[in-house]
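Read through the structure below, which is laid out as structure tokens, and then see the notes.
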Amino acid sequence: MEIRRLTRGDEHIWFKALSILLAETGEGAEKASLEDIAAAISDERCYLLVALHDDEPVGLLSAYRFPDVRTGGHLAYLYDIEVMDEKRGRGIGKGLVNTLIACCTRDGVRLVWAGTDMGNKAARQTFVTTGGKVEGSAYVEYEWDRPDDAMSPACPSVSPVYALTEPSSS
């Protein structure tokens, strides 16, 4: 078993991992293009890890590092982790998370976090056995799905701010 962080030229490995592992979840119909994957791999803030057995993907993990504009330093969000159904329970998820933690430690990340459904026992066990601690007792996730055509308006460099109430004259 080999776990590695993908580098330039490895986009076909990630594409294959998506094809194999996300097909099991029903999410495999839409995949990023090889160009999108290459751009992510080239971005040092993106962690794309793959577990390989006999050169075939059996697990994947994606995470993203960004500056903490509240307290300084950097944070990383573990976005996705998948392990092939028939390979679960063999420490692959734990290996992927531990590899991410090692990469983040090297990169000066002070906090890594992930969210999961309370009913996802496999993910919760993986996170706990790799040193993760539960924060809170409930998790609610919101998404803003943006269709491609909605991306065309430019984000203004300055947005007008409107007062919700008039200031009091006292």
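Residue-by-condition table, conditions (1) assigned to a strand (DSSP E or B); (2) surrounded by 12 or more Cβ atoms within 10 Å (Cβ to Cβ); (3) modelled with pLDDT under 70; (4) touching a Phe, Trp or Tyr at 6+ places or on another chain (Cβ under 8 Å):
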position: N98; (1), (2), (3), (4): no, yes, no, no
position: C104; (1), (2), (3), (4): no, yes, no, yes
position: L111; (1), (2), (3), (4): yes, yes, no, no
position: D117; (1), (2), (3), (4): no, no, no, yes
position: A150; (1), (2), (3), (4): no, no, yes, no
position: S168; (1), (2), (3), (4): no, no, yes, no
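Filtering the range 51-88 to residues that are charged (D, E, K, R) and farther than 18 Å from Q125 by Cα leaves D54, D55, E56, R65, D68, R70.
From the list A23, A40, A32, which residue is farther than 25 Å from V128 by Cβ, among the hydrophobic types (A, V, I, L, M, F, W, C) and exposed (fewer than 13 other Cβ atoms within 10 Å of the Cβ)? After applying the criteria, what remains is A23.
If you go through the range 84-96 and keep only what is touching a strand residue (DSSP E or B) at 6+ places or on another chain (Cβ under 7 Å) and either in a loop (DSSP other than H, G, I, E, B) or not small (G, A, S) (or both), you end up with M84, K87, I92, L96.
Quick check on the range 15-31. Is at least one of its residues among the hydroxyl-bearing types (S, T, Y), part of a helix (DSSP H, G or I), within 16 Å of L60 (Cα to Cα) and at pLDDT below 95? Scanning the range 15-31, I find at least one residue that is among the hydroxyl-bearing types (S, T, Y), part of a helix (DSSP H, G or I), within 16 Å of L60 (Cα to Cα) and at pLDDT below 95, so the answer is yes. Of all residues in the range 98-127, those that are on the phi < 0 side of the Ramachandran plot and small (G, A, S) have Cβ atoms under 9 Å from Cβ atoms of residues that are assigned to a loop (DSSP other than H, G, I, E, B) and surrounded by 13 or more Cβ atoms within 10 Å (Cβ to Cβ), 6 or more apart or on another chain, in A114/G132; A122/R88; A123/A114; A123/T116.
The values are calculated or read from the model by the stated rules, or taken from the named source; none is laboratory data. Since we're looking at a predicted model, the values are computed, not measured. When we count neighbours, we look across all protein chains shown, and the Cβ atoms used for this are built from the backbone with ideal geometry, even at glycine.
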